[in-house]
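Quick note: the coordinates plus some simple rules give every number you see, no bench work behind them. Since this is a predicted model, take the numbers as computed values, not measurements. A quick note on method: Cβ atoms are made from the backbone with ideal geometry, for glycine too, and the neighbour counts reach across all protein chains shown.
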Amino acid sequence: VLQKNRMRSSRTKNPPPPASNGELRKISVLHLFSNRRVQSFRGIREDEVSRMIRKISKEASSSQVTNLSKTLLSLSSTLICRIAFGKKYDEEDQQRRRFHDLLQEMQAAFVGFFFSDYIPSIGWLDSLNGMRPRLERTCRKLDSFLQELIDEHLNPNRPESMNGDIIDIMLQLLQEQSTSFDLTQDHIKSNAHGSDTIAATIIWAMAALMKSLEAILKKAQAEIRGAVGNKDIVNEDDIQKLPYLKAIVKETFRLYPPALLSVPRQTLANCIINGYDIQSNSIVYTNVWAIGRDPEYWENPNEFLPERCLNSSVDMKQKDFQLIPFGAGRRGCPGYSLVLAMVEVGLANLLYSFDWELPSGIKKDDIDTQVLPGLTMLKKNDLLLSAKNVCA
Ligand code: HEM
């Protein structure tokens, strides 16, 4: 939650020139995450999901346990690297490790305790205890990683895979000077975000399915296999025929929203919310996690029951306030359609291609729901499962 404020104050050397949130948001909505753009990345999504399925299939053939957490985090970061940077890193690629480590460092730095967040007058203690220098160091390293990518994109001999990726689109806007403000390379860098939210969602969905009544998992697999027939991969057209899969995804976002809190808002005037007096200029956070489990809106709120989402008019598109995993209003997540496309195709293929079992000696109740401290609600302990290849 404090990410943006800290990011801003840690990049003191090169802060991007001011642009209103509305202006940057317009770029995201119109150019980066429009439906047309999300569709243009479809080939990348289906390609990477097929690669993941082949890898798990090999593990299944040799009766190896699959570390789904590791596999899905790898899928998620590969997807983001291809979509955002036009880079297809191999699993062991040094640059990919560098990006991954930087994101980890960023997470660790952001969740640390900063005096300045609570008592600004003693914010100098953050420098004394090393927290601020550490954050600044990490920001500088991320900055140079992104600068190298921008420079590679500006090279006329760059690889074709960089055409139409997120950096390329922003560089085009910069060259055309078609934005209503002075877009710079620093704005491009400030648009880089973590990639683990997509993995987090699929991991929680699989954990919830394995912990719940077997009937839910079986029903989901029957729906997919029935609708898709014999194919190598479930593609994104198939997904439209899978209402139960979509209900599972929605229920996962309700119980395990990867972003627990919305971005902070500031009140413009005194107001009363739920009987509490909120003064003007207060910073207000919305607890997305608690809203999804509020018994006033959800029956048996702590239970994973995808049926409740079938034929329900409540959707996640930031307008039904009892389910807002992507926030709502003018700061709502612009990546919504991209995220949903990746989560649905990833989960559908895992359920289509394999039967899933717990590794020997593990019971349903052993699958815990502990969370790793960080900006994303990521399952703390790895999800280990045995995949069985389904013969077509
Ligand atoms: C499962 C995945 C994701 C979830 C659950 C999620 C959720 C959220 C939430 C809750 C917010 C704050 C909204 C608010 O305060 O009203 C947000 C903001 C944002 N998200 Fe996402 N997000 C996800 C993935 C992504 C991805 C992959 C991208 C881009 C590649 C992205 C881009 C953004 C941006 C740019 C904002 C800031 C919007 C603003 O401040 O106006 N998100 N997201």
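Observations, loosely collected:
- The phi torsions of the range 252-262, fed into the Karplus equation with coefficients 6.51, -1.76 and 1.60 and a -60° offset, translate into couplings of 5, 5, 5, 7, 10, x, x, 9, 5, 10, 6 Hz, rounded to whole numbers, with Gly and Pro shown as x.
- Charge dipole of the chain about the Cα centre (unit charges at C-beta), most positive-ward option of Ile166, Leu260, Asn281: Asn281
- Distance violations [Cα-Cα > 29 Å] among Lys141/Lys379; Lys58/Lys218; Lys88/Lys319; Lys141/Lys317; Lys218/Lys319: Lys88/Lys319; Lys141/Lys317; Lys218/Lys319
- Positive-end residue, the chain charge dipole about Cα centroid, Cβ charges, pick of Leu146, Gln104, Leu340: Leu146
- When shorter helices are ignored and each DSSP H run of at least 4 residues is given -39500 (n - 2.57), the per-residue value for the chain at 222 nm works out to -15500 deg cm²/dmol.
- Counted residue by residue at 0.36 nm each, then reduced by the alpha carbon distance between them, the extension gain from Ala269 to Asp355 reaches 25.4 nm.
- Gain upon complete extension [Tyr285, Arg330; 0.36 nm per residue less C-alpha separation]: 14.8 nm
- 3J(HN,Hα) along the range 239-246: 4, 5, 9, 10, x, 6, 4, 5 Hz, from the Karplus curve 6.51 cos²θ - 1.76 cosθ + 1.60 with θ = phi - 60°, whole Hz, x for Gly and Pro.
- Placing pseudo-labels 7 Å out from each Cα toward the beta carbon at Asp93 and Asn67 gives an inter-label distance of 2.1 nm.
- Pairwise FRET efficiency - Ala108 versus Ser313, Cβ, R0 = 30 Å, nearest 0.05: 0.15
- Degrees separating the helix 68-85 axis from the principal Cα axis of the chain, which is the longest one: 50 degrees
- Charged-residue dipole, Cβ positions (Lys, Arg, Asp, Glu), the range 42-119 about Cα centre, Debye nearest 20: 340 debye
- Cα gyration tensor shape of the range 39-153, rounded if a/c is under 1.5, else prolate or oblate by comparing a/b with b/c: prolate
- Residue-count net charge about Gly22 - beta-carbon cut-off 12 Å; Lys, Arg +1, Asp, Glu -1: +3
- If R0 is 51 Å, the Cβ-Cβ spacing of Asn230 and Asp365 corresponds to a FRET efficiency of close to 0.90.
- Each residue of the range 273-286 was assigned a 3J(HN,Hα) from its phi angle through the Karplus curve 6.51 cos²θ - 1.76 cosθ + 1.60 (θ = phi - 60°); the sequence is 10, 6, x, 9, 7, 10, 7, 4, 6, 7, 8, 10, 10, 9 Hz, with glycine and proline shown as x.
- Environment charge at Ala328 (Cβ cut-off 14 Å; Lys +1, Arg +1, Asp -1, Glu -1): +4
- Computed from Cα positions, the angle between helix 42-61 and the longest principal axis of the chain comes to roughly 50 degrees.
- The gain in end-to-end length when the Lys219 to Asp47 segment is fully stretched comes to 59.3 nm, 0.36 nm per residue minus the alpha carbon separation.
- Residues whose amide H lies under 5 Å from that of Leu261, counting only those 5 or more places away or on a different chain, are Val288; hydrogens are built 1.01 Å from N in the peptide plane.
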